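Notes follow the structure.
The values are calculated or read from the model by the stated rules, or taken from the named source; none is laboratory data. Since the structure is predicted, the reported quantities are computational estimates derived from the model, not experimental observations. Virtual Cβ from ideal backbone geometry, glycine too; neighbours counted across all protein chains shown. The accessibility values were calculated without ligands, DNA or RNA, using every heavy atom of the protein model including side chains. Shrake-Rupley method; radii C 1.70, N 1.55, O 1.52, S 1.80 Å.
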Amino acid sequence: APCVEYPSEKSCNRDEACEYSVDSADAGCVLRRCPLLETERECLVEDVCMWNAGACVDKDCSIVDERCACEQEKTCAWVALGSQGRCVGEEFGTCPAMDITVLLSGSVSLSGAFARHPKGFYAIIETLRDWVTALPLTSEGSAVGKQSTAANGGMRLAFIQFSGTPAKNAIQTPAGVGASGSFSGKRSELTGDLIWHEDNFLQGGNIVTTGLGRAADLFSADSAAGRKRVLIVLSDTKIEGVEGSADAIAALRSLNVE
C-alpha cells in the first residue's frame, strides 16, 4: 500500500519502504527519504543516508565491507579483529561479542498512551526496533544456537515478554516466527520477533519470575561459548516476583550473565 494510506505509526513501520515522519505538524507515514535521492551528491548531504553500490540507502555501517570506505563514513568505525574486521557504528566500536536477552514488561500499566503512541508498549517496541537497526549484529540466524561461529564479534538478541496473567506469565515467539524464541543476529528475524510481541501484548501484571527462569534456560541452551552474556529488563513500574526467583537468579549468575 502507498505509505500515506497507513493509518498509524504501528502499521507504517511494518513496511520497509516507509517511515513515520514527525518533522512537521502533520505527522504521518511517508516514503523513506534516502532511497528517493538519486545522486551521490544529494545523498551525502543527509547525515542519515549513505551511498552504497550506486544507490542512496539508510545509513547502516554494517553493510560496508572495506576499511577505507568505512572510515570515510561519518559515525562509522572500523573494528579490527585478528586478520578480519567489520564496520560498526562508532558508539559500538569497543563492544565485545555479546548474547543479549531483553526481558520486556507486558504490564497493563503500559496500555496507556505515551507521547504520539496509543500505548506505551508500542513506544518501547518502536525504540527496540530502532535499536535493532543500529546494533552491529552477527548476521547469523537463530538456527545457529550454541554453534555461533561469528569470528568478527557482533551481537545476538532474544526477546521475552513477561507479565502476570494466569495463563501466560512469560511468552516468546513460537517456532517459525521471527527468531523462534531464541538468539538471533539476523535483523529480519528480530524485527519479526518485535512485530509478534507488539501483536501479543499481554496487558497483565508485572511479575518477572517466569521470565527470569526462561532467560536462564535460554542462555543455558543457546548462548555460544566465548560471548559476553547480558540480561536487560525493561519496565515502567515496580517489578514483582524477584523474591521468588532465587533459583533463576542463581542459574543466571552461574552462567556469568550480567
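In segment 124-163, of all residues being open to solvent by less than 50 Å² (accessible area, probe 1.4 Å) and of a type in the set (Ser, Thr, Tyr), the one that is nearest to residue 242 (Cα to Cα) corresponds to 163. Looking across segment 80-91, the residues that are more than 16 Å from residue 47 (Cα to Cα) and surrounded by fewer than 20 Cβ atoms within 10 Å (Cβ to Cβ) come down to 80, 81, 82, 83, 84, 85. Pairs are defined by a Cβ separation below 6 Å, a sequence spacing of at least 6 or placement on different chains, a first member in segment 229-252 that is at pLDDT 95 or above, and a second member that is among the acidic types (Asp, Glu) and surrounded by 14 or more Cβ atoms within 10 Å (Cβ to Cβ); the pairs so defined are 229/99. Picking from residues in segment 55-69 that are at pLDDT 90 or above and aliphatic (A, V, I, L, M), the one that is surrounded by the most Cβ atoms within 10 Å (Cβ to Cβ) is 57.
For segment 36-54, the set of residues classified as open to solvent by 80 Å² or more (accessible area, probe 1.4 Å) and not charged (D, E, K, R) consists of 36, 44, 45, 48, 53, listed by residue number. Selection of helices (runs of 4 or more DSSP H) fully inside segment 1-104 by the criterion of at least 1 residues being in contact with a Leu (Cβ under 9 Å, 6 or more places away or on another chain) and within 30 Å of residue 215 (Cβ to Cβ) returns nothing.
Apart from one condition, residue 144 fits all of (1) modelled with pLDDT of 95 or more; (2) out of contact with any strand residue (DSSP E or B) (no Cβ under 7 Å at 6 or more places or on another chain); the exception is (1). Please verify whether segment 82-98 includes one or more residues that are free of Cβ contacts under 8 Å to residues at least 12 places away in the same chain, over 30 Å from residue 252 (Cα atoms) and not small (Gly, Ala, Ser). The answer is no; no qualifying residue exists.
Filtering segment 92-123 down to residues that are open to solvent by 80 Å² or more (accessible area, probe 1.4 Å) and more than 25 Å from residue 172 (Cβ to Cβ), which residue is nearest to the chain's Cα centre (by Cα)? The selected residue is 94.
Return yes when residue 184 is among the hydroxyl-bearing types (Ser, Thr, Tyr), open to solvent by less than 50 Å² (accessible area, probe 1.4 Å), closer than 27 Å to residue 239 by Cα and touching a residue at least 40 places away in the same chain (Cβ under 8 Å) and no when it is not. When the stated conditions are applied, residue 184 passes them. All conditions in (1) touching a residue at least 24 places away in the same chain (Cβ under 8 Å); (2) within 29 Å of residue 96 (Cβ to Cβ) hold for residue 206, with the sole exception of (2).
Quick check on residue 126: is it in a loop (DSSP other than H, G, I, E, B) and under 21 Å from residue 172 (Cβ atoms)? Criteria not met by residue 126. Of all the listed residues (213, 241), the sole one being on the phi > 0 side of the Ramachandran plot, surrounded by 14 or more Cβ atoms within 10 Å (Cβ to Cβ) and either out of contact with any Phe, Trp or Tyr (no Cβ under 8 Å at 6 or more places or on another chain) or basic (Lys, Arg) (or both) is 241.
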